[in-house]
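Visitor: Below is the structure I would like to discuss, written out as structure tokens.
The values are calculated or read from the model by the stated rules, or taken from the named source; none is laboratory data. Nothing here was measured: the structure is a model prediction, and the numbers come from that model. Every residue, glycine as well, gets a Cβ built from its backbone with ideal geometry; the counts of neighbours run over all protein chains shown.
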Amino acid sequence: MPSPVTMYEYHAWANQTLLGRIRELPADVYTQEVKSIFPTVATVISHMYATDSTWLEIMEGVPMPEALVHGRSLEEEAGRLSLQELTERFNHLSKRYQDFFRRETDLERLLLLDNPYTFVRETSLAEIVQQVVNHGTYHRGNVSAMLRQMGHASTMTEYALFWYTSEPAVR
């Protein structure tokens, strides 16, 4: 089983791979409206960024209700950014996650999540990282479907491809 850090590295790689593909397409694709779970690719990407930021805040000790409020405003702010600006924000966020992983040596440490939409539950940092990765995978799939709806191919962001781009070949 890969470590939570490796899974996050995959997540960051997959996000950058998808963002790179979107940058290759005509600029209007990013904001073109489609009938989908989100109205535009830009809104999906903004949501992904804000959600990743929110979970990092929670792992760093910000109470969940406070982090969620900040996440909503962050999503609105991210929605006004260009694709290039948001790509830079993702790069910075990835560095923040890396710094967190260097500081936090026990990813099995438990946190109490006081979710205002459900109930209080205890979970590990590792489980939160898995949630971040799963959430990103789900929404990268949304973006891929949206790109195809607009007549454009997406790009492969599967974990198996990450194996071959991140590890030296064994001969």
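Residue-wise test of (1) crowded, with 18+ Cβ neighbours inside 10 Å; (2) over 18 Å from the mean Cα position of the chain (by Cα).
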{"residue": "11", "(1), (2)": "yes, no"}
{"residue": "37", "(1), (2)": "no, no"}
{"residue": "61", "(1), (2)": "no, yes"}
{"residue": "72", "(1), (2)": "no, no"}
{"residue": "86", "(1), (2)": "yes, no"}
{"residue": "103", "(1), (2)": "no, yes"}
{"residue": "108", "(1), (2)": "no, yes"}
{"residue": "116", "(1), (2)": "no, yes"}
{"residue": "121", "(1), (2)": "no, yes"}
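Visitor: Among the numbered criteria (1) under 20 Å from residue 133 (Cβ atoms); (2) at pLDDT below 95; (3) not aliphatic (A, V, I, L, M), which one does residue 97 miss?
Guide: That leaves (2) as the condition not met.
Visitor: Taking segment 41-59 as the search range and keeping residues that are in contact (Cβ under 8 Å) with a residue 40 or more places away in the chain and farther than 24 Å from residue 129 by Cβ, which one is surrounded by the fewest Cβ atoms within 10 Å (Cβ to Cβ)?
Guide: Start the filter on segment 41-59 by keeping residues that are in contact (Cβ under 8 Å) with a residue 40 or more places away in the chain, which leaves 41-42, 44-49, 51-53, 55-56, 58-59.
Within this subset, residues satisfying the condition of being farther than 24 Å from residue 129 by Cβ are 41-42.
On the way: 41: 24, 42: 21.
This residue is 42.
Visitor: Still on this model: Among the residues of segment 88-100, how many are over 17 Å from residue 47 (Cα atoms) and surrounded by fewer than 17 Cβ atoms within 10 Å (Cβ to Cβ)? Before the answer, list the steps.
Guide: Just the residues of segment 88-100 that are over 17 Å from residue 47 (Cα atoms), to begin with: 95-100.
Keeping just the survivors that are surrounded by fewer than 17 Cβ atoms within 10 Å (Cβ to Cβ) gives 95-96, 98-99.
So the answer is 4.
Visitor: Another one. Within segment 94-151, work out how many residues are in a helix (DSSP H, G or I) and either among the small types (Gly, Ala, Ser) or closer than 20 Å to residue 53 by Cβ (or both). Spell out the reasoning first.
Guide: Filtering segment 94-151 down to residues in a helix (DSSP H, G or I) leaves 94-103, 125-149.
Going one step further and asking which of them are either among the small types (Gly, Ala, Ser) or closer than 20 Å to residue 53 by Cβ (or both), we end up with 94-103, 125-145.
Selection size over segment 94-151: 31.
Visitor: On to the next question. What residue, of 44, 29, 34, is part of a loop (DSSP other than H, G, I, E, B), modelled with pLDDT of 95 or more and either of a type in the set (A, V, I, L, M) or within 30 Å of residue 109 (Cβ to Cβ) (or both)?
Guide: Numbers: 44 fails: part of a loop (DSSP other than H, G, I, E, B); 29 fails: part of a loop (DSSP other than H, G, I, E, B).
Of 44, 29, 34, the one residue that is part of a loop (DSSP other than H, G, I, E, B), modelled with pLDDT of 95 or more and either of a type in the set (A, V, I, L, M) or within 30 Å of residue 109 (Cβ to Cβ) (or both) is 34.
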